[in-house]
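The values are calculated or read from the model by the stated rules, or taken from the named source; none is laboratory data. Not measured: the values here are computed from a predicted model. Cβ atoms come from the backbone with ideal geometry, glycine included; neighbour counts cover every protein chain shown.
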Amino acid sequence: MHARAVNAVGLQVDQPSSPLPVRRLIPVAERRASGVALRKQTPRRIHGAWSPPADRTDPISLLEQQAETRVPELVPIRHGRMMASPFTFFRGSALVMARDLESTPTSGLTVQCCGDAHLSNFGFYASPERRLIFDINDFDETMPGPWEFDLKRLAASFEVGGRAAGFNDATRLEAVQSMAQTYRTGMQRFAEMGTMEVWYAHISADDILARIDDKAVRKHTLKTLTKARSRTSLGSLDKLVKVVDGKQRLIETPPVVVRVDTERHGEVLYHAWLAYLESLSDDRRQLLDQFRFVDIARKVVGVGSVGTRAFVVLFDGRDERDPLFLQFKQAQPSVLEGPNRTSAYENQGQRVVVGQRMMQATSDIFLGWVHADDGHDYYWRQLRDMKGSFEIEAFRPDVFVGYARLCGLTLARAHARSGDRVQLAAYLGNSERFDQAIAAFAEAYADQTERDHAALVAAVKQGRLQAEVGV
């Protein structure tokens, strides 16, 4: 007897008593037909619908729930940052939207999801070969799930972010529809490509520049790339470190950056370091062995992440002008987890690292994870390795639309690596029906976000939540 299953990318797996699985390739035509058939159970136009269900969980209650597992003195900073605008609320409310998306229709096709695919979570970073790559750059919430969740969050972010930037209705509509269209047509191209070709596909800074004809846009892009290239450990040394009594120390700016008492917490940190090294390959461990620990500080990061534990660690290599900054950040259960969807990994840091490697074209060489003695899971990465992003506020309307297309293609490439790109492309089809539905959803959910933001402001005024603004 053989156990038989079909995996996410269209291979039927027979599991005999032999040590290796025998895989039967499901014909492409069969996979396409299956994708088209999915339209009957989940018509593409149905994705445009959004109205809050009668039993919708109060979004303020969800924020209170998240606050229970965060550093108490930092939670008001999170609320203060989320109060700034509907867009900052949107950035910090991935859990709220994840719960809302559970009530929306899906096709049944699964991919490795980002879980927080909004327009500010895309940007540049350096590949191991020191080339600037454009990709998704935040994976705190990553895990397998419906591809629609990522696409709808990205679409809503362009509608909410476009309103915040002052773009008119026509520009926002064009941006969202263009993003969805590029996702759809990009998935069709990936469906025609070989498996390894898809895996190696990437979008470099040179690729982006080669497609820019407008002088002003090209100038803005070159400025963004130049800034990203300067964000190295050495380039950050004088901004993040000062010399005190002849010793390098991370600069404190309480409560955002606060140095850690290494004498008090040294043993916990040492064990966390050793456990992190165990998650790396031998060559990475040998490389890190050439660096010397110097200092460590807790750092408040982002909007949605505020209140989770995040630390910056300074190391010296050859000498004090050869620094390395690493960050280790607490990983909590993904917002996508629920009764019918749980992580395959006990360690949430491992979930983040594996998901990032699955979705990104190429990843940080120092990605690793640990379960620390303080009882929390963490993942490790480089703090600054030519990381950079576009300034959305400085965009012209046509550039905003172009950026939407770039993000749509990037998300399609990430999903094509883990899901059945042939079925998904067939489901999406050639018409604009799906693009229009996603635009309708984005507009409706942006209205919901504005109502939820107003509820947050009211909760702070009423004393239900504490907020610290301007931090």
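Six or more apart or on different chains, Cβ under 8 Å: which pairs go from a residue in the stretch 60-87 that's closer than 22 Å to I392 by Cβ to one that's of a type in the set (K, R) and buried (at least 16 other Cβ atoms within 10 Å of the Cβ)? Could you list them?
These pairs meet every condition: R78/R70; M82/R91; P86/R163; F87/R163.
Which members of the stretch 169-194 meet the condition of being of a type outside the set (A, V, I, L, M) and in contact (Cβ under 8 Å) with a residue 12 or more places away in the chain?
If the condition is that a residue be of a type outside the set (A, V, I, L, M) and in contact (Cβ under 8 Å) with a residue 12 or more places away in the chain, then T171, R172, E174, Q177, S178, Q181, T182, Y183, R184, G186, Q188, F190 are the ones that fit.
So which helices (runs of 4 or more DSSP H) stay within the stretch 179-237 end to end and still have 3 or more residues that are at negative phi, in the same structural domain as R396 (by TED's automatic domain parsing) and more than 25 Å from the chain's Cα centre (by Cα)?
Result: 215-230.
Can you name the residue in the stretch 403-425 that is assigned to a loop (DSSP other than H, G, I, E, B) and not acidic (D, E) and is also nearest to A205 (Cα to Cα) among such residues?
So the residue we want is R417.
Give the residues of the stretch 241-276 that are surrounded by fewer than 12 Cβ atoms within 10 Å (Cβ to Cβ), under 31 Å from the mean Cα position of the chain (by Cα) and among the hydrophobic types (A, V, I, L, M, F, W, C), sorted by residue number.
Result: L274, single match.
Scan (1) out of contact with any Lys or Arg (no Cβ under 6 Å at 6 or more places or on another chain); (2) assigned by TED's automatic domain parsing to the domain that holds E148 for the single condition A437 breaks and write down its number.
Looking at each condition in turn, A437 falls short on (1).
Would you pick out the residues in the stretch 238-251 that are part of a helix (DSSP H, G or I) and free of Cβ contacts under 8 Å to residues at least 60 places away in the same chain?
Of everything in the stretch 238-251, those that are part of a helix (DSSP H, G or I) and free of Cβ contacts under 8 Å to residues at least 60 places away in the same chain turn out to be D238, K239.
Among the strands (runs of 3 or more DSSP E) confined wholly to the stretch 282-368, which include 2 or more residues that are surrounded by 22 or more Cβ atoms within 10 Å (Cβ to Cβ) and in contact (Cβ under 8 Å) with a residue 24 or more places away in the chain? Please lay out each step first, then the result.
Details: elements: 292-299, 310-316, 323-330.
Filter on the stretch 282-368 gives 310-316, 323-330.
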